[in-house]
Amino acid sequence: MLAYVFLLALLAPSALVSAQTAGIRQCTGGRAPPQSVAIENCAQAPCDVFQGSNAVMSVNFRSLRVANSLRPQVFATALGETIEYNLPPNQREACDHLITGSCPLSVNEDATYRFVFPITAIYPPIPVAVELTLWDQANQHVFCALIDIHVRLR
């Protein structure tokens, strides 16, 4: 049951943080943070995300290397447990969701990644730490954002 709760909470990553870099915590392993993160309808972390709505995150980042493809990976930690959320097929290639820039990205190219997730009515109302990492084709990180959210009842 606990794993089910975490799986559901993982869908909230796009509701991550608002307020630019101030709401982003450092990920493990020295992975670089994005330049900024903005969540619609959120002024500061932790962002409240509501059951039955979509959470929309815009992440501004600079490519550290040439990137032909971009793979997002999402982990959520709640109640002391961390699980990976397997993204649906239409979200597995971040190049398809760039609103500025396009793949292949050049070294030092600025881009904005748009990440959208539905927060269904069955998500439990709990705080969740969400880690979103973007990986390139060589499995090297492009950015990592660790953001606190709180799923709320509508």
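The values are calculated or read from the model by the stated rules, or taken from the named source; none is laboratory data. From a predicted model like this one, the values you see are computed outputs, not experimental measurements. Here Cβ is always computed from backbone atoms with ideal geometry, including for glycine, and neighbour counts include all displayed protein chains. SASA here: full protein model, heavy atoms, side chains in, ligands and nucleic acids out. Shrake-Rupley method; radii C 1.70, N 1.55, O 1.52, S 1.80 Å.
I'd like the residue in the range 44-81 that is in contact (Cβ under 8 Å) with a residue 12 or more places away in the chain, within 25 Å of P127 (Cα to Cα) and of a type in the set (G, A, S) and, out of all such residues, is surrounded by the fewest Cβ atoms within 10 Å (Cβ to Cβ). Give the steps one after another, and end with the answer.
First, the residues of the range 44-81 that are in contact (Cβ under 8 Å) with a residue 12 or more places away in the chain: 44-79, 81.
Now drop any that are not within 25 Å of P127 (Cα to Cα), which leaves 44-60, 72-79, 81.
From the residues that got through so far, the ones that are of a type in the set (G, A, S) too are 45, 52-53, 55, 58, 76, 78.
On the way: A45: 19, G52: 12, S53: 17, A55: 26, S58: 18, A76: 24, A78: 22.
It comes out as G52.
Pull up the range 100-119, narrow it to residues that are buried (at least 16 other Cβ atoms within 10 Å of the Cβ) and of a type in the set (S, T, Y), then point me to the one that is farthest from N54 (Cα to Cα).
My answer is T112.
Could you list, in sequence order, the residues of the range 34-43 that are out of contact with any Phe, Trp or Tyr (no Cβ under 6 Å at 6 or more places or on another chain) and either open to solvent by less than 60 Å² (accessible area, probe 1.4 Å) or part of a strand (DSSP E or B) (or both)?
Of everything in the range 34-43, those that are out of contact with any Phe, Trp or Tyr (no Cβ under 6 Å at 6 or more places or on another chain) and either open to solvent by less than 60 Å² (accessible area, probe 1.4 Å) or part of a strand (DSSP E or B) (or both) turn out to be S36, V37, A38, I39, C42.
Taking the range 82-95 only, how many residues are surrounded by fewer than 14 Cβ atoms within 10 Å (Cβ to Cβ) and part of a helix (DSSP H, G or I)?
Here is the first cut: in the range 82-95, the residues surrounded by fewer than 14 Cβ atoms within 10 Å (Cβ to Cβ) are 82, 84, 86, 88-90.
Among the residues that remain, those that are also part of a helix (DSSP H, G or I) are: 89-90.
Matching residues across the range 82-95 total 2.
Hey, does the range 53-66 have a residue that's under 15 Å from the mean Cα position of the chain (by Cα), over 15 Å from L132 (Cα atoms) and not in a loop (DSSP other than H, G, I, E, B)? I'd like the intermediate steps shown before the answer.
First, the residues of the range 53-66 that are under 15 Å from the mean Cα position of the chain (by Cα): 54-61.
Cutting the leftovers down to over 15 Å from L132 (Cα atoms) gives us 54.
Still in the running and not in a loop (DSSP other than H, G, I, E, B): 54.
There is at least one residue in the range 53-66 that is under 15 Å from the mean Cα position of the chain (by Cα), over 15 Å from L132 (Cα atoms) and not in a loop (DSSP other than H, G, I, E, B).
Say we look at the range 120-138 and pick out the residues that are at pLDDT 95 or above and more than 19 Å from P33 (Cβ to Cβ); which of these is surrounded by the most Cβ atoms within 10 Å (Cβ to Cβ)?
The extreme case among them is Q137.
Report whether or not R71 is under 13 Å from the mean Cα position of the chain (by Cα) and at pLDDT 95 or above. Break it down stepwise before answering.
On the way: under 13 Å from the mean Cα position of the chain (by Cα): yes; at pLDDT 95 or above: yes.
The answer is yes for R71.
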